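Q: Provided herewith is a single structure, encoded as structure tokens, for subsequent inquiry.
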Amino acid sequence: MSDIISYDERKELPDSVFGLPERREFPMPDAAHVRAAEAYFRYCPDDLKPKLARAILARAREYGVDIQSPTILSYAEE
């Protein structure tokens, strides 16, 4: 899978690979997209940041990605 997910590819992804599955935002089907979710975390609505932070950390563990962002780590603790 390339770094860019096409519209059709995104439609085929299960809800479970999204950081915010109810909104189908922040897809993380692989390690590259976990890093992208980390980079775009600041664009997440404030009320959803704790949920997204926990999802990023869970997917990062699954793919062996080391998340260093103090912002994400602090939101994950909320």
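Q: For segment 33-78, give me the residue count where each residue is under 21 Å from Ile4 (Cα atoms), of a type in the set (Ser, Thr, Tyr) and outside any helix (DSSP H, G or I).
A: Number of matching residues: 1.
Q: With the condition kept exactly as written, say whether any residue in segment 16-32 is part of a loop (DSSP other than H, G, I, E, B) and touching a strand residue (DSSP E or B) at 6+ places or on another chain (Cβ under 7 Å).
A: The first filter runs over segment 16-32 and keeps only residues part of a loop (DSSP other than H, G, I, E, B), leaving 21-24, 28-30.
Remaining after also requiring touching a strand residue (DSSP E or B) at 6+ places or on another chain (Cβ under 7 Å): 24, 28.
Yes, the conditions are met somewhere in segment 16-32.
Q: Applying the selection to segment 34-54, what residues are in contact with a helix residue (DSSP H, G or I) (Cβ under 8 Å, 6 or more places away or on another chain) and either among the hydroxyl-bearing types (Ser, Thr, Tyr) or open to solvent by less than 30 Å² (accessible area, probe 1.4 Å) (or both)?
A: Correct list: Val34, Ala37, Phe41, Cys44, Lys49, Pro50, Leu52, Ala53.
Q: Given (1) crowded, with 19+ Cβ neighbours inside 10 Å; (2) outside any helix (DSSP H, G or I); (3) touching a strand residue (DSSP E or B) at 6+ places or on another chain (Cβ under 7 Å), identify the lone condition not met by Ile5.
A: (1)
Q: As an exercise: evaluate Gln68 against (1) at pLDDT below 95; (2) open to solvent by less than 90 Å² (accessible area, probe 1.4 Å) and give the number of the one condition it does not meet.
A: (2)
The values are calculated or read from the model by the stated rules, or taken from the named source; none is laboratory data. Please read all numbers here as calculations on a predicted model, not as lab measurements. Reconstructed Cβ throughout: ideal geometry from the backbone, glycine too, with neighbour counts over all protein chains shown. For accessibility, only protein heavy atoms count, side chains too; no ligands or nucleic acids. Shrake-Rupley method; radii C 1.70, N 1.55, O 1.52, S 1.80 Å.
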